[in-house]
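The values are calculated or read from the model by the stated rules, or taken from the named source; none is laboratory data. Keep in mind that what you see is a predicted model, and the values were worked out from it rather than measured. Neighbour counts are summed over all protein chains in view; Cβ atoms, including those assigned to glycine, are modelled from backbone coordinates with ideal geometry. The accessibility values were calculated without ligands, DNA or RNA, using every heavy atom of the protein model including side chains. Shrake-Rupley method; radii C 1.70, N 1.55, O 1.52, S 1.80 Å.
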Amino acid sequence: MNFDYDLFVIGGGSGGVRAARLTAQDGHKVGLAEQSRMGGTCVIRGCVPKKLMVFASGYAELMQQAKDYGWDVSNGKFDWPHFITHLNAELDRLEQIYRTNLQKAGVTIHDQRAVLMDAHTVELADGTTYTAKHILVAVGGHPILPDIKNADLGVMSDDLFNLPELPKKMLIVGAGYIGCEFAGIFNGLGSEVSMFVRGAQILRGFDEEARGHIGDAMQQRGVRIHTGCAPMKIEKRGNRIWVKGSNGHEEEFDLLVWATGRNPNTGGLGLAELGVELERRGEICVDEYSQTAVPSIYAIGDVTGRVELTPVAIRDGVAFHQTVFQGDKTPVDHALVPTAIFTQPEMGTIGLTEEEACEQEPTLVYATAFRPMQTTFVGGEERVLFKMLVSKKTDKVLGIHIVGPGAGEMIQFIGVALKMGATKADFDRTCAVHPTMAEELVTMTHPVRDLA
């Protein structure tokens, strides 16, 4: 059978773009459909703009530190409209780079929504149909609105990059990494920030000690965290939003933000009708090679619900390309993925949590918390945390968790060591770099806990 394309990709996020570009560079005919902006969640409404906002929000603290170090710091006011204008210009630039790289590789771009008609056919929004030998679904996910009356009075995380003005007082509902990151951002920019957290602690799923450390630090910085609290009633009162929580707390806010999770963008794509299996939230079921129950249809990235991180989606795309178009069957590798959570203070993490490690095997816990030199000099009280989990049987490092400045940068290279199978002895025989915070990773000599 003659096909219009060797590969048709639905979704122009990081994973889909990488798979499309690599396949086109090999000389295959590739089409890609994206109904929104090229670059997907990460570039347009996720990692990139969020990290720029983290940078912006950190300057208030840096200016105060500069003053304490002896610098004459004048007018420290933040200009929200100026920042947003500059931010949008940067996102436009990055989106154009994505588009240009695809075109240079020979990918045909269709700026429309695409749905599946059969195992080898897609239909665009204008009614045009194309056939493809292989179809790759990489449509990512979207934030979800909770089922509660007047929930539409709030905004989603995607909306925070285009607010007309900086809110004076805001409530964030949800305490995953997105909610916690934005709490730190807007607190740093000068907003009064409160959080409603359904559970007993923020950042569910991460190491218990580390997330407790972050929660305490966030509250010391001024974020008000209401644990064991979910919104029960929401009303519009004048120009403000009144919210009553399940713990009885009630308050009015300028802005209500929902950070209560994300679901895959699989609705209406025609997947289930073709025999593609979907999970409860709409995640596409795939095997270790990202192949669905329909042999010609594959899926990568957040839409599969496996590991919802941009670098993982990119690696999924590379593995797909190698498997399908280079004849090198390459399973996706989701083991020991280093992760940074850009809370304030930020966290870098890889491997098992303490709770997971002690369930798996006898474990030694090495940990230290201390005030870093830079802020101690000016009277800062916030402490950083370094934590290492080690197998008692093999001496292999099972997990590392860092909370403090530069944690994300440190965890990237720690990831290389753990991927290579590093042991505690390997860290011990590595010379420290002094004076740095990171030297604590190679100077922790005695465990603080023995989890037999």
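Among the DSSP beta bridges whose two residues both lie in the chain, what percent are antiparallel, rounded to the nearest 5? Present the calculation step by step, with values, prior to reporting the outcome.
On the way: 48 of 79 bridges.
Restricted to the chain, the bridges split so that about 60 percent are antiparallel.
At 222 nm, what value in deg cm²/dmol follows for the chain if DSSP H runs of at least 4 each add -39500 (n - 2.57) and the sum is divided by all its residues, to the nearest 500? Spell out each step's value before the answer.
Details: 11 runs with 137 residues, N = 452.
Helix-only estimate at 222 nm: -9500 deg cm²/dmol.
So what's the Cα pair-distance distribution over region 310-452, bin width 10 Å, in %?
Reading the bins upward from 0: 11, 36, 31, 16, 5, 1.
For region 120-218, how big is Rg over Rh, using alpha carbon atoms and the Kirkwood form of Rh?
Details: Rg = 19.2 Å, Rh = 16.8 Å.
When Rh is taken as the Kirkwood radius, the ratio is 1.15.
Set Lys and Arg Cβ to +1 and Asp and Glu Cβ to -1, take the dipole of region 34-175 about its Cα centre, and tell me which of VAL54, GLN65, PHE83 lies farthest positive.
GLN65
With just the Cα atoms of region 179-246, tell me how far they stretch along each of the three principal axes, in Å, largest first.
Largest to smallest, the principal-axis extents are 41, 27, 16 Å.
Can you tell me how much longer the chain between GLN96 and GLN326 gets when fully stretched, taken as 0.36 nm per residue apart minus their C-alpha distance, in nm with one decimal? Working shown, then result.
Numbers: separation 230, 0.36 × 230 = 82.80 nm, distance 2.83 nm.
My answer for the length gained is 80.0 nm.
Roughly how large, in nm² to one decimal, is the mean projection of the convex hull of the alpha-carbon atoms in region 8-83?
7.6 nm²
If the only charges are +1 at each Lys and Arg Cβ and -1 at each Asp and Glu Cβ, what is the size of the charge dipole of region 199-265 around the Cα centre, to the nearest 20 debye? Please list the in-between numbers first.
Working: 10 positive and 9 negative charges, 61 e Å.
Charge dipole of region 199-265: 300 debye, to the nearest 20.
List the GluC sites (Glu not before Pro) within region 360-452 that fall in a DSSP loop (any state other than H, G, I, E or B) and whose Cβ has at most 11 other Cβ atoms within 10 Å.
Values: sites: GLU381, GLU382, GLU409, GLU439, GLU440; in loops: GLU381, GLU382.
Those that pass, being in a loop and sparsely packed, are GLU381.
So how tilted is helix 80-105 from the main axis of the chain? Cα-based, degrees 0 to 90, rounded to 10.
40 degrees
If you bin every alpha carbon distance in region 221-340 into 5 Å steps from zero, what whole percent lands in each bin?
2, 9, 15, 14, 12, 9, 9, 9, 9, 7, 3, 1, 0
Search the structure for amide H atoms under 5 Å from the amide H of ASN247, placed 1.01 Å from N in the peptide plane, and list their residues when 5 or more places away or on another chain.
ALA230
For every other residue with a beta carbon closer than 9 angstrom to the beta carbon of PRO331, add +1 if it is Lys or Arg and -1 if Asp or Glu, then tell me the sum. Could the numbers behind the result be given before it?
Details: positive: LYS329; negative: ASP287, GLU288, ASP333.
Its environment carries a net charge of -2.
Please compute the per residue accessible area over region 289-354 with all protein chains in place, 1.4 Å probe, rounded to a whole number of Å². Don't skip to the answer; put the middle values down first.
Details: 2310 Å² over 66 residues.
The answer is 35 Å² per residue.
Would you please give the residues with an amide H less than 5 Å from that of GLU192, counting only those at least 5 places away or on a separate chain, with H modeled from the backbone geometry?
Close amide H contacts, sequence-distant or interchain: LYS169, MET170.
Pull out the extension gain between GLU279 and HIS82, defined as 0.36 nm times the separation in residues minus the alpha carbon to alpha carbon distance; nm, one decimal.
Details: separation 197, 0.36 × 197 = 70.92 nm, distance 4.30 nm.
Length gained, GLU279 through HIS82: 66.6 nm.
What's the center-to-center distance, using Cα atoms, between region 87-159 and region 268-322 in Å?
15 Å
Cross-link candidates for LYS244: which lysines have Cα within less than 26 Å, leaving aside residues fewer than 8 places away along the same chain?
LYS149, LYS168, LYS169, LYS233, LYS236
Where does each of 209-217, 329-337, 281-289 land if you order them by average Cβ count within 10 Å, highest first? It would help to have the intermediate numbers written out before the result.
On the way: 209-217: 20.8, 329-337: 14.2, 281-289: 17.3.
Result, highest mean Cβ count within 10 Å first: 209-217, 281-289, 329-337.
Among all the lysines, which ones have a C-alpha under 22 Å from LYS67's C-alpha, if same-chain residues fewer than 8 places away are not counted?
Excluding near neighbours in sequence, the set is LYS77.
Considering only C-alpha atoms, what is the centroid distance from region 176-198 to region 400-431, in Å?
Each part reduced to its Cα centre gives a spacing of 28 Å.
Can you spot the lysines whose alpha carbon is less than 20 Å from LYS419's alpha carbon? Ignore those fewer than 8 places along the same chain.
Correct list for LYS419: LYS387, LYS392, LYS393, LYS396.
Take each of the peptides 18-26, 349-357, 235-243, average the number of other beta-carbon atoms within 10 Å over its residues, and list them starting from the highest. List each step's numbers first, then the result.
Details: 18-26: 23.0, 349-357: 20.6, 235-243: 13.6.
With the highest mean Cβ count within 10 Å placed first, the list reads 18-26, 349-357, 235-243.
If you consider only alpha-carbon coordinates, what radius of gyration and Dmax does the chain have, in Å?
In order Rg, Dmax, the Cα atoms of the chain give 23.7, 74 Å.
Taking N as the number of residues in region 1-149, what is its alpha-carbon radius of gyration divided by 2.2 N^0.38 Å?
Relative to the 2.2 N^0.38 Å estimate, region 1-149 comes out at 1.43.
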